[in-house]
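Some notes on the structure that comes next.
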Amino acid sequence: MEASRHWRLKQERYTLMGEICPHCKEKIFPPRDFCPACGEDARNLFQFSGRGEVYSFTTVYQAPAGYEENAPYTIALVRLEEGPMLTAQLTDMGDETVEIGMPVEMVTRRLRSDGERGMLVYGYKFRPQLARAISA
Amino acid sequence: MTDHKVPPILKPIRDVGIVGYGAYIPRYRLPAREVARIWRAGGGGTLFEEKAVSGLDEDVITMSIEAARNALARAGIDPDEIRAVWVGSESHPYSVKPTSTVVAEAIGATPHTQAADWEFACKAGTEAIQAAIGFVGSEMARFALAIGMDTAQGRPGDPLEYTAGAGGAAYLLGPAEISLATIESSYSFATDTPDFFRRANEKYPEHGERFTGEPAYFKHITSAAQTLMQAINASPSDYQHVVFHQPNSKFPQRVGRTLGFKPEQIETGLLVPLIGNTYAGSALVGLTAVLDIAEPGDRILLVSYGSGAGSDAFSLRTTELLPERRNQAPYTQDYIARRTEIDYATYARFRGKLTMK
Amino acid sequence: MIAMEKKKKALSDIIIVGIGMTPVGEHWGKSIRELALDAITAARSDAAGLKPQAIFVANMLAPYLSGQTQLAALLADFAGLRGIEAVTLEAAGASGGIALRQAYLALASGLVDTALVVGVEKVTDRSSAELEAALSTASDADHEAVHGITSTAQAAILMRRYIYENNMPADALAYFSINAHTNAVTNPNAMYRRAIQIEDYTHASMVSEPVNMFDAAPIADGAAALFLVRDDGSPNMLPHPRVRIAASAAISTAVALHDRTDPLELYTSAESSKLTLQQAGLKHDDIDLFELHDQYSVYAALSLEAVGFAERGQGWRLALDGAISRSGRIPICTFGGSKARGDTGGATGVYQLAEATLQLQGRAGENQIANAKIAMVQCLGGTGATAATHILELVDGS
């Protein structure tokens, strides 16, 4: 059980809370204490919108231990609209085909469970942006 | 029942309303004919088309988070002002450890908040709304969030399996003056009626078959609706819309007729043929569908039902703020339109009925 | 940094005097210590029975798959070397190159005179799900592995983007695999000694789209060792032509693929190779063979570009036009690479170095690159967060 490890990361995992560099205004995700762009101290929180597009993707059939029950699953690098890229699963694809450049939005989903008795780990995944079915 | 000099309705000191609301319905649909195919049920035995099924990575926590985000988007308030996050469900992912703390964390409502999970079969969500009305109406809190959400359970082969669906809604309660719908009044009716239950550690519920009808669903909903309307001098014709708990299509239509409502008053909020019975989410997601299309000034009657048993009734009136606010998040029908049909095998896998160890 | 590296050039040469390799495969009968022993025994025997003062072990997975830390001490003791300095180096797939660099630094410092570099990996004792989980530890655990990423998936993500950006035929990377398999036919240590044709590639089953079975190296058990000495000026004592380490560099960058400015640019590969060329005073044209990281075919293309053998987006053309074959302009994977010799995780770099040594010593048999004098050997960890690059050179007149 790694309860404390997941607990420490809950803010970024649940809400895409990252950072913005006070020096060069670079938006940073996942959060880190030094700005990867200018190397200065960066700890100011920044809330990402959760919108982005697929940079590239693939499907995992041979899943690592702890992820077998969800296989096959699609995993992607997603470029957030504010700039940074992250690794995440795509979910709720239904019959839709993924493409590079496809617009996606963040949802909070179950990432894994540590066995039958272990804790449930929640975090960000991305899905096709929800279409409006009836006109506003 | 005794006659009350003061009507037994629940009316807070300060007027309270719905500041934001949000639905969530998962993407997958299991047609009733698929269930019938597996269990060789006679044709025509079902009164609905299909039910919504949650994906492998979904549960009441993730679904509540999305509904809550939609409610917040409509309310446009700072989540830090929310003093209670309450989730009513029959399918909390943990037996011990709140759903609500995860939801509160995910929407940014922590740490200055009450957080609790509610349980009262299919009315756990409306109970939470009534409590939230109390919180806001007593000025203990400016905002309180109440959610009813379920990934409903039904034993394979049981008639419940045709209907037990997934979905629900979140309601952010706040001061009436900034609400998109005000709560005119509410009322709760409860007795000890064991029509449906699930013992601790059991996977699937037991139900009393025909006992779930007259003495349970109909008695409680009728009493709750009539008492409330009487207390506030309202009649069925005063309402543009009415939403009842909907375990199937037949029950809410029949109870509506009994109370004197017309089919067109029930129509908009009757989602059970398309998404199934979402238990604690059932009446609440019916209401989101109504709010998605209601005109300002419309009156809406909402009556839930929870086995065990009880009914919560609410009389609502929409405000001028509704049309603009409802466009800040996906409509209930957007979720219904987002639909991928699955077969029974996929359903069995998604719902953990296939065990891998 | 460059000035510092140049200063080291003034130090004595570090010579690879012996190598040892086990076949790569499913060694059901052998434990991790027995595998390592085979390679150590072979390398010591190849080095005329010299005894090492220190052993540098390259390994990535023993803590997860064998439940073993202090692996170097365990292996030293099992190999009859109780009492010597023993240390394990881990940098995922770059472990082998990193271990050589540590041995090189120890020897160059003058504090150690003889050293063994041993790469070993034992992967077949666990289920494939456990192996995938262990391999995924090369990624950022909190931001990549937690999402269920695998090394195959990362390669597939890169390959899809590579194909997308370069507007190339879907089977353009096939020739990396075909070349590797061709070269493995005559390698007795190779796991797959069978040549393949383009049809085999185009009909191969998918592993993780667009990575197919022939884009992905098989991971298996194996061990390889190098015996190193500081040149004491008495070349006649050495059993084989002398191969010196002409340059050594290691570079790191963000572990997470998504944290790279441009995921298709192998920064560590580019920077470490640039450093080695500067240290050795060489140009690209001087390199007779390049043993690169080919755990997945896309890495071969990206490495050729990063190091400068091809323009950005053009690495695949070197495979298509045969430039990477044994008689081509820049031969790679001359004994089959990870693709056909087999990938051995943290031990792979040591295989690459041993094979390059055989080429320079003229002991490569049917795999011999004619007149090979200078070899570049590069190992990458994970998606390239670590690169260790070495240039090996045949000492004149040896």
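The values are calculated or read from the model by the stated rules, or taken from the named source; none is laboratory data. This one's a predicted model, so the numbers in the text were calculated from it and none came from an experiment. Virtual Cβ from ideal backbone geometry, glycine too; neighbours counted across all protein chains shown. Please note that ligands, DNA and RNA were not included when accessible areas were found on the heavy atoms of the full protein model with its side chains. Shrake-Rupley method; radii C 1.70, N 1.55, O 1.52, S 1.80 Å.
Quick notes on this one:
- Any hit, the stretch A:33-45, residues being touching a residue at least 24 places away in the same chain (Cβ under 8 Å), more than 14 Å from chain B (Cβ to nearest Cβ) and under 23 Å from A:Arg110 (Cα atoms): no
- Count of the stretch B:86-103 residues which are under 19 Å from the mean Cα position of the chain (by Cα) and of a type in the set (A, V, I, L, M, F, W, C): 3
- Residues satisfying the stated conditions in the stretch C:281-326, i.e. acidic (Asp, Glu), more than 27 Å from C:Thr344 (Cβ to Cβ) and out of contact with any strand residue (DSSP E or B) (no Cβ under 7 Å at 6 or more places or on another chain): C:Asp285, C:Glu311, C:Asp321
- Qualifying position, being in contact with a Pro (Cβ under 9 Å, 6 or more places away or on another chain) and open to solvent by 30 Å² or more (accessible area, probe 1.4 Å), among A:Glu19, A:Glu12, A:Glu40: A:Glu40
- With respect to the conditions (1) under 30 Å from C:Gly29 (Cβ atoms); (2) touching a residue at least 24 places away in the same chain (Cβ under 8 Å); (3) not hydroxyl-bearing (Ser, Thr, Tyr), C:Ala195 falls short on a single one, namely (2).
- Qualifying residue in the stretch C:211-221 (condition: in a helix (DSSP H, G or I), at pLDDT 95 or above and open to solvent by 50 Å² or more (accessible area, probe 1.4 Å)): no
- Residues within the stretch C:138-151 that are more than 7 Å from chain A (Cβ to nearest Cβ) and assigned to a helix (DSSP H, G or I), tallied: 3
- Top-ranked residue in the stretch A:102-112 [being more than 9 Å from every other protein chain (Cβ to nearest Cβ) and without any contact (Cβ under 8 Å) to a residue 60 or more places away in the chain; ranked as surrounded by the fewest Cβ atoms within 10 Å (Cβ to Cβ)]: A:Pro103
- Answer from B:Pro247, B:Pro252, B:Pro236, B:Pro263 - the residue that is without any contact (Cβ under 8 Å) to a residue 12 or more places away in the chain and either open to solvent by less than 10 Å² (accessible area, probe 1.4 Å) or touching a helix residue (DSSP H, G or I) at 6+ places or on another chain (Cβ under 8 Å) (or both): B:Pro263
- Helices (runs of 4 or more DSSP H) wholly inside the stretch B:1-113 containing at least 3 residues that are modelled with pLDDT under 95 and either under 30 Å from A:Met17 (Cβ atoms) or open to solvent by less than 40 Å² (accessible area, probe 1.4 Å) (or both): B:32-39
- Any hit, the stretch C:341-351, residues being hydrophobic (A, V, I, L, M, F, W, C), assigned to a helix (DSSP H, G or I) and open to solvent by less than 10 Å² (accessible area, probe 1.4 Å): yes
- Each residue in the stretch C:323-364 was checked for being closer than 20 Å to C:Leu116 by Cα and among the hydroxyl-bearing types (Ser, Thr, Tyr), and 4 of them qualify.
- Residue match in the stretch C:224-235 (condition: within 14 Å of chain A (Cβ to nearest Cβ) and either within 22 Å of the chain's Cα centre (by Cα) or at pLDDT 95 or above (or both)): no
- Residue pairs whose Cβ atoms lie under 8 Å apart, sitting 6 or more positions apart in sequence or on different chains, and linking a residue in the stretch A:114-136 that is more than 10 Å from every other protein chain (Cβ to nearest Cβ) to a partner that is modelled with pLDDT of 90 or more and assigned to a loop (DSSP other than H, G, I, E, B), are A:Phe126/A:Thr91.
- Conditions (1) under 15 Å from the mean Cα position of the chain (by Cα); (2) facing chain C (nearest Cβ under 9 Å); (3) not in a loop (DSSP other than H, G, I, E, B); number of the one not met by A:Gly18: (2)
- Qualifying residue in the stretch C:85-105 (condition: modelled with pLDDT under 95 and touching a Leu at 6+ places or on another chain (Cβ under 7 Å)): no
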